[in-house]
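Heads up: the structure comes next, in structure tokens.
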Amino acid sequence: LWIGQHVINLFVQYTPYKLSEGSWQDPAVRKSFAERCFSLIDEYAPHFSSSVIGYDMLTPPDLEREFGLTGGNIFHGAMGLDSLFLMRPAKGWSDYRTPVKGLYLCGSGAHPGGGVMGAPGRNAAAVVLDDLKAR
């Protein structure tokens, strides 16, 4: 980067894993999607698109391949009513403990989910400390 240049990270949360037409493997599809995202930004920040000198894109299949996120889901599972609060990640597992002594759930799949940065880890750490005090 040079003086006067910037980096922007666009997180498009509801990007589909499977497209109704085309494939994420097709460079033209990827380019078209990026251009659509940029054009939406242009509505609020005129001429944004013309300032872009390069970009990289991670689609849901890329996230699955690169980081092991099933379905490209950064939340490690759906964030529906059936998998939130006392049901996250599943019924009976919302207290961060697992059947394996000393193994705790602390990632995006644990309550409150990946949309609250660091919260699952903080909550799990509190449970670990409580368990250590109980010894």
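The values are calculated or read from the model by the stated rules, or taken from the named source; none is laboratory data. Remember, predicted model here, so these are calculated numbers, not experimental data. Ideal geometry is used to build each Cβ from the backbone, glycine not excepted, and the neighbour counts take in all protein chains shown.
In the condition set (1) out of contact with any Pro (no Cβ under 9 Å at 6 or more places or on another chain); (2) assigned to a helix (DSSP H, G or I); (3) within 30 Å of L105 (Cβ to Cβ), L10 is compliant with all but (2). For D26, the requirement of being assigned by TED's automatic domain parsing to the domain that holds W2, surrounded by fewer than 15 Cβ atoms within 10 Å (Cβ to Cβ) and either farther than 30 Å from G4 by Cβ or touching a strand residue (DSSP E or B) at 6+ places or on another chain (Cβ under 7 Å) (or both) is met. Out of the residues in the range 1-23 that are over 22 Å from V52 (Cα atoms) and among the aromatic types (F, W, Y), which is surrounded by the fewest Cβ atoms within 10 Å (Cβ to Cβ)? Within the range 1-23, the match that is surrounded by the fewest Cβ atoms within 10 Å (Cβ to Cβ) is Y14. Can you spot a residue in the range 16-23 that is among the aromatic types (F, W, Y), out of contact with any strand residue (DSSP E or B) (no Cβ under 6 Å at 6 or more places or on another chain) and free of Cβ contacts under 8 Å to residues at least 40 places away in the same chain? Checked the range 16-23: no residue is among the aromatic types (F, W, Y), out of contact with any strand residue (DSSP E or B) (no Cβ under 6 Å at 6 or more places or on another chain) and free of Cβ contacts under 8 Å to residues at least 40 places away in the same chain. Selection of the range 94-134 for residues being at negative phi and of a type in the set (S, T, Y) yields S94, T98, Y104, S108.
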